[in-house]
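A short worksheet on the structure shown next.
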Amino acid sequence: MRTGVSALLLLQMVAIYGCGRSTSPAQSTAPTVSKVSVAAAADLKYALDELIVEFEKSHPNVEVEPTYGSSGNFFAQLSKKAPFDIFFSADIDFPRKLIAQGHAAQETEFMYAVGQIVVWVRNESPLDVASKGAQALVEPGVRKIAIANPKHAPYGRAAEAALTHLGVYEQVQDRLVLGENIAQTAQFVESGAADIGVIALSLAMAPALKEKGRYWIVPLDAYPRLEQGGAILNWATDREATDSLRKYVIGDEGREVFRRYGFLLPGD
Amino acid sequence: MDFTAIWLTLKLASATTLILALIGLPLAYWLAMSSWRGKFLVESVVALPLVLPPTVLGFYVLMATGPNSAFGSLYERVTGSLLPFSFPGILLGSILYNLPFAVRPFMAAFAGMNRRLIEASWCLGESRWRTFWRVTMPLCWPGVLTGLVLTFAHTVGEFGVVLMVGGNIPGVTRTISISIYDDVQALNYASAGQTALGLVIFSLVVLCLAHVLGRRRLPL
């Protein structure tokens with residue numbers, strides 16, 4: 001009798017386990033939901049959130065879980081096999097390094113957008129960025145200028161290069177404060193703690209900041225092109241779902257959203 | 001190894017410890033001796049940083065000290081400079097953050113001592129001030145030292161608050177933990193490892209020293 005019960009329990013467990021793990025729809029009655037975890041650069045926060053909502057509508061059996069942070073930090077974690085399926089970096093170099101390390105396959109590498117930087121101030125600020133451009137940074141009233149950390153944030157490197165190219169770096173050097181990533185940099189200026197900042201256009205155009213400030217788009221020739229790219233990690237749990245997300249992001253739907261958030265596209 | 005960051009961190013930790021000794025000892029003494037009914041409120045506020053994530057505390061400090069806040073604009077009018085992204089700014093953050101690490105051990109020490117000894121000293125004609133230094137402090141020294149060491153060590157390892165209000169300026173707000181984090185992010189693992197090892201050795205030495213000194217009597 002007892003063996004009979006345990007055998008039944010065991011069978012049931014196998015059945016439940018089998019259902020949960022099943023990848024072929026023929027075996028399970030309800031469609032299984034597969035999760036795709038995404039490591040994404042902080043400048044994608046709003047654009048990618050919007051894309052994911054649309055993606056999940058057209059792919060009801062895929063659930064996307066994004067985590068936003070600095071690309072360098074993600075790189076360090078991913079090279080130690082952090083359990084993410086796909087990586088959207090703010091700098092194509094990081095996914096390329098992962099490929100070189102053997103953590104991602106060459107054919108999964110993709111370019112999805114080209115970032116732009118802007119000089120941003122709050123609406124209340126007396127600084128006239130629209131007509132003064134980069135010269136607004138050297139106005140006497142400016143005490144603190146926020147940029148992302150050039151040591152590891154791609155947007156910080158772009159900001160530093162642009163300040164040098166526009167001939168103001170020497171004058172502003174002592175007034176720079178460094179954000180850990182581009183989103184924190186935006187928060188420094190948005191909170192009023194810094195007077196002016198160089199942030200991503202995608203953040204300046206995001207709902208959270210759009211109504212709160214004014215900006216001047218830094219000319220593209222002032223800094224090296226911010227090629228944003230990514231790759232699918234070798235340990236992705238559901239490669240099919242992950243690849244459908246990748247295709248969606250670089251496809252027409254993705255391009256439309258990225259353009260709306262002020263990104264240029266790889267072909268531009 | 002980032003020596004500027006090490007020097008800055010030691011400066012921040014020493015200043016925090018000194019200021020918290022000045023504020024924390026009277027506060028803890030009052031909390032231990034007072035029989036006021038509303039005391040629990042003060043105790044809870046003091047303990048709050050134990051529960052709050054440092055990033056939350058840092059966010060509040062940034063909001064409260066920015067030029068758009070009442071406190072921030074007052075500070076700006078008085079000193080002519082801004083609190084965020086400055087040494088006084090991270091000092092303020094770390095004083096708030098370390099309040100319970102100083103006050104709670106002090107308080108436990110004061111509350112645990114025999115009050116009759118204080119009263120005996122008063123009856124023998126010693127002033128309250130001299131009684132505090134000649135009777136209370138020597139008896140409570142291990143607890144006070146624990147509070148001071150905890151505060152110092154905790155400031156050395158502080159990260160979240162400084163990350164939120166510091167702005168990562170070399171020599172001003174780039175402390176050792178921020179410097180290690182930067183190195184890791186910039187993939188300079190060797191440099192991060194060196195600084196981290198230095199930090200581990202330093203912390204171990206400080207803690208050993210504290211344990212040895214804690215067994216002795218106050219050198220007064």
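Values computed for the structure shown
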item: Pairs from A:LYS35/A:LYS81; A:LYS132/A:LYS212; A:LYS45/A:LYS144; A:LYS35/A:LYS57; A:LYS45/A:LYS97; A:LYS97/A:LYS151 whose Cα-Cα separation, in the structure shown, is over 21 Å; result: A:LYS45/A:LYS144; A:LYS45/A:LYS97
item: Chain A - charge dipole about Cα centre, Lys and Arg +1 at Cβ, Asp and Glu -1, debye rounded to 20; result: 580
item: Dimensionless Rg ratio for chain B, taking C-alpha atoms and the 2.2 N^0.38 Å reference; result: 1.15
item: Residue among B:TYR29, B:VAL78, B:THR4 farthest towards the positive dipole end of the range B:1-124, charges placed on Cβ; result: B:TYR29
item: Simple label model, 7 Å out from Cα along Cβ direction - A:GLU56 to B:ASN188, nm; result: 4.0
item: Relative contact order of the range A:116-222, defined on C-alpha pairs under 8 angstrom at six or more residues apart (%); result: 44
item: Net charge dipole size for the range A:116-222 [Lys, Arg +1 and Asp, Glu -1 on Cβ; Debye, nearest 20]; result: 140
item: Local net charge near B:LEU82, Cβ-Cβ under 13 Å (Lys/Arg +1, Asp/Glu -1); result: +2
item: Long-range HN-HN contacts of A:ILE196 with modeled amide H, under 5 Å; result: A:LYS144, A:ALA146
item: Electrostatic dipole magnitude of the range B:118-220 [Cβ: Lys, Arg +1; Asp, Glu -1; Cα centre; debye, to 20]; result: 500
item: Mean separation of Cα contacts under 8 Å (6+ apart) over length of chain A, as relative contact order %; result: 27
item: Value of relative contact order over the range A:44-161, rounded to a whole percent, pairs C-alpha under 8 Å and six or more apart; result: 17
item: Scattering profile of the protein assembly as shown at q = 0.12, 0.14 Å⁻¹ [log10 I(q)/I(0), Debye over alpha-carbon scatterers]; result: -1.09, -1.28
item: Farthest toward positive dipole pole in the range A:116-222 [+1 Lys/Arg, -1 Asp/Glu at C-beta], among A:ILE199, A:ALA134, A:GLN184; result: A:GLN184
item: Amide H partners (placed H, <5 Å) of B:LEU83, local residues excluded; result: none
item: Dipole of chain B, positive direction: furthest Cα of B:LEU48, B:GLY198, B:GLY157, with charges on the beta-carbon; result: B:LEU48
item: Per residue, the convex hull volume that the Cα atoms of the range A:116-222 enclose (Å³); result: 85
item: Neighbourhood charge, 15 Å Cβ-Cβ cut-off, centred on B:THR131 and excluding it, Lys, Arg +1 and Asp, Glu -1; result: +3
item: Chain B: angle of helix B:70-79 to the longest principal axis, Cα-based, in degrees nearest 10; result: 90
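FYI, it's all coordinate maths here, none of it is from the lab. Just so it is clear, the structure is predicted and the values come from calculations on it, not from any experiment. Note that we place each Cβ from the backbone using ideal geometry, even for glycine, and neighbour counts take in every protein chain shown.
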